[in-house]
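The values are calculated or read from the model by the stated rules, or taken from the named source; none is laboratory data. This is a predicted model, so every value here is computed, not measured. Please note: Cβ atoms are built from the backbone with ideal geometry, for glycine as well, and neighbour counts cover all protein chains shown. Heads up: the accessible areas ignore ligands, DNA and RNA and are worked out on the full protein's heavy atoms, side chains in. Shrake-Rupley method; radii C 1.70, N 1.55, O 1.52, S 1.80 Å.
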Amino acid sequence: FDGPIRVFHSAKVKYYAPSDSCGMGGMHREVIHANPNYGGSCHFDTVFVSVGDEAEAMNGLLVAQVWLLFSYFDPYHSKDVPCALVTWFIHPSDNPERDKDTGMWK
C-alpha cells in the first residue's frame with residue numbers, strides 16, 4: 001500500500017437502538033471523538049461494538065476505546081475504507097452474568 005491515509009479527530013455516526021425510543025423510531029446520532037488535543041486535553045471515546053449474536057455474552061457487544069479514526073482509498077474497489085484503531089476491553093469471563101439488582105455486567 002502506498003496511498004495516502006486520512007486522519008479524522010471525530011466521526012458522526014447513526015445507529016439503531018431498538019430498546020431506546022427517544023430518537024425517531026430508535027434512531028440516534030452521536031459524535032465519536034479520537035482527539036489528542038481537545039480543548040487542551042485529550043478525548044478518546046469508549047464505544048460498544050457489535051460482534052455477534054445477541055444470545056452471546058453481553059448481547060453480542062464488546063467495549064473498545066477509540067484511539068484513531070482514519071481512512072484509505074482502496075484502488076481495487078474504487079472507494080474509501082473507513083477504519084478505527086481501538087483498544088478492546090475483553091470481559092475476563094467467557095460467560096459474564098448480569099447483577100440481578102442493577103442489571104450491570106459483572
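Within the range 73-93, track down each residue that is in a strand (DSSP E or B) and of a type in the set (Val, Ile, Thr).
Val81, Val86, Thr87
Give the range 51-64 a look and list any residue that's open to solvent by 40 Å² or more (accessible area, probe 1.4 Å) and at pLDDT 70 or above, or say none.
Val51, Asp53, Asn59, Leu61, Leu62
Out of everything in the range 25-50 that is surrounded by 13 or more Cβ atoms within 10 Å (Cβ to Cβ) and not in a strand (DSSP E or B), what residue ends up being modelled with the highest pLDDT?
Restricting to residues being surrounded by 13 or more Cβ atoms within 10 Å (Cβ to Cβ) and not in a strand (DSSP E or B), the top hit is Asp45.
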